[in-house]
Amino acid sequence: MIAVNADVIDRQLRAIVAYQFRTVPDALSPETRLREDLGADSLDLVELVQALEDELGISVGEESLADVRTLADIARIATWVEP
Amino acid sequence: MTAAVVVTGLGAVTAAGNDVATTWAHLLAGRSAVRSLPRLAEAGCRSRIGAEVRDFDPETMGARQDVRQMGRCTQLALAAALEAWRDAVPTGMGVDGTRAAVVVGTAFGDAAETCAQVPPFLERGRRGVRPRYVTRVMANAPAARISIELGFGGPSFTVGSACAGGGHAVALALGLIRSGAVDVAIAGGAEEIGCALAPAAFDALHALSTRNDEPERASRPFDRTRDGFVIAEGAAMVVLERRDHARRRSARIYARLAGSGMTSEAQHVVAPDPAGAGAARAMAAALGDAGRDAGEVAHVNAHGTSTTLNDPMETRALHLALGPHAPRVAVSATKSMLGHALGAAPAIGLVVTVLAVHHGIVHPTINLEDPDDGCDLDYVPEGARRVDVPLALVNAFGFGGHCVSLAVARDE
């Protein structure tokens, strides 16, 4: 597994999160908090993890979701899925 | 004495229009909403026609919830419920949400969600399963979403009784209000055919019309050349309310939901009892519940599916239930124009019948050119007709032998 390219996170992660939470990518920053700012609940987070895996091929272990607060947290713990 | 329950709001999304007004105008004009449905051809069905809801954009209904997280059946149900609620309570004032119920009937609900979920599940197992599959497919999703949207804190649930579903929902909501459990209820039915699975199953049963070259003439209840029903989708909801509650808030009252009758044939899982006994008992029970006589019935919204078995059975049942009065009753089959929207159909029939009572006009049964043997009633074939309707019945029968009849009366 290798670390995820920062640009990918910046662009595509924001696009996916924006779609799921009905906002625009420009409204999101690495400091955006999923629960407090976007109103995410636990179901939203599991779904986000699946969308990241399906669309970007990156994996965020569901077990580490409890530690995820911001978009930057996702970028930090995301890893490429082994093909 | 049983509390009087009235209808104060109407909502509908049908193949004829995405609201009540458009649907009603379409029905009075006697136009078919049945079209070619290439989706069924692609699925290899013999029947390649249907009455689907067109140009429905769930984003425009103004829901607070994320409609993308709902299946199409739930979206249709929510749109109809919002229309009905805004119709009944334009100001949003004067109703205690904790005293409000939601009951929705459906045959398949959002079971089509399973169609989308199974391939990734078979490929990837649990990792392929979307967590929201649960909240999209659950049978109670339409009722839950309406309850959440409107803040209704009373009982909310979905009932399943195939094509009688919307009828049971309304009958149960009537009982909830009469029991004193709630003051208000939204009740109705919803069904979708965005996925061809359910239509294909009915096609496999040889239940669907194959008059593919003449879609608008395919649904022909009581006609000699009928060859099955036309699959359809849609949703319809009514706001039911204790009459004193409606009067206290100066609500417009369309009509009174005077009674309901629910029976089962307890015979065959698909074929209706040719004698029509179960259906007749449901109608008689609805009249008895309403405390009214068969002689007062001026109009019947028939189940009228255009299948070989239903139409003469229902005619026989009408004779049994209404006796010598049956021949002078105006019997309309909404499915002649809208096709058969399964669990939504009884609620669509109720909305239309409430309007018939309210306006004193009944819509026609189209495509009835040569009444079949055993179909000897007045089915209003010539076009919409002005009729004074002090009392009407709405019939709904479902696979499994479920029969429901609802009695709608002018509020006097």
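The values are calculated or read from the model by the stated rules, or taken from the named source; none is laboratory data. If you're wondering where the values come from, they're calculated on a predicted model, not measured in any experiment. Here Cβ is always computed from backbone atoms with ideal geometry, including for glycine, and neighbour counts include all displayed protein chains.
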Could you check the stretch B:117-136 and list, in sequence order, the residues that are touching a residue at least 40 places away in the same chain (Cβ under 8 Å) and assigned to a helix (DSSP H, G or I)? B:T135, B:R136
Within the stretch B:9-23, residues surrounded by fewer than 23 Cβ atoms within 10 Å (Cβ to Cβ) and farther than 13 Å from B:R54 by Cα come out as B:A21
Could you list, in sequence order, the residues of the stretch A:21-57 that are of a type in the set (A, V, I, L, M), under 28 Å from B:P120 (Cα atoms) and under 12 Å from the mean Cα position of the chain (by Cα)? A:L34, A:A40, A:L45, A:V46, A:L48, A:V49, A:A51, A:L52, A:L56
Just for the stretch B:376-391: of the residues that are in contact with a Leu (Cβ under 9 Å, 6 or more places away or on another chain) and hydrophobic (A, V, I, L, M, F, W, C), which one is farthest from B:A356 (Cα to Cα)? B:L377
Condition met for B:I186 (hydrophobic (A, V, I, L, M, F, W, C), more than 30 Å from A:E53 (Cα to Cα) and within 14 Å of chain A (Cβ to nearest Cβ)): no
Mind checking whether some residue in the stretch B:244-256 is within 22 Å of the chain's Cα centre (by Cα) and assigned to a helix (DSSP H, G or I)? no
Pairs needed: first member in the stretch B:313-342, among the acidic types (D, E); second member anywhere, in a helix (DSSP H, G or I); C-beta distance under 9 Å; at least 6 residues apart or different chains. B:E314/B:A279
Given the criterion farther than 24 Å from B:R224 by Cα, part of a helix (DSSP H, G or I) and in contact with a Cys (Cβ under 9 Å, 6 or more places away or on another chain), identify the matching residue among B:A282, B:A317. B:A282
Considering only the stretch B:170-223, how many residues are charged (D, E, K, R) and part of a loop (DSSP other than H, G, I, E, B)? 6
Would you please name the residue that is nearest to the chain's Cα centre (by Cα), looking only at residues in the stretch B:224-243 that are more than 29 Å from B:S32 (Cα to Cα) and not in a helix (DSSP H, G or I)? B:L240
Picked from the stretch B:329-388 (must be part of a strand (DSSP E or B) and of a type in the set (V, I, T)), the residue farthest from B:G228 (Cα to Cα) is B:I361
Is the stretch A:14-28 home to any residue that is touching a helix residue (DSSP H, G or I) at 6+ places or on another chain (Cβ under 7 Å), farther than 26 Å from B:F121 by Cβ, more than 11 Å from chain B (Cβ to nearest Cβ) and of a type in the set (K, R)? yes
Of (1) over 24 Å from B:A232 (Cα atoms); (2) out of contact with any Phe, Trp or Tyr (no Cβ under 9 Å at 6 or more places or on another chain); (3) away from chain A (no Cβ under 14 Å), B:T106 satisfies every one except (1)
If I ask for residues that are part of a loop (DSSP other than H, G, I, E, B), at pLDDT below 80 and within 14 Å of chain B (Cβ to nearest Cβ), which ones from the stretch A:31-82 would you list? A:G57, A:V60, A:G61, A:V81, A:E82
The number of residues in the stretch B:135-167 that are aromatic (F, W, Y) and surrounded by 19 or more Cβ atoms within 10 Å (Cβ to Cβ) is 1
Matching residues in the stretch B:87-112 - criterion: being among the polar types (S, T, N, Q) and under 24 Å from B:L342 (Cβ atoms): B:T106
Count of residues meeting criterion [farther than 30 Å from B:H303 by Cα and either within 14 Å of chain A (Cβ to nearest Cβ) or in contact with a Lys or Arg (Cβ under 7 Å, 6 or more places away or on another chain) (or both)] in the stretch B:130-169: 9
Can you report the number of residues in the stretch B:24-60 which are assigned to a loop (DSSP other than H, G, I, E, B), crowded, with 22+ Cβ neighbours inside 10 Å, under 20 Å from the mean Cα position of the chain (by Cα) and among the small types (G, A, S)? 2
Counting just the residues of the stretch B:113-129 that are under 31 Å from the mean Cα position of the chain (by Cα) and within 14 Å of chain A (Cβ to nearest Cβ), which one comes out surrounded by the most Cβ atoms within 10 Å (Cβ to Cβ)? B:Q117
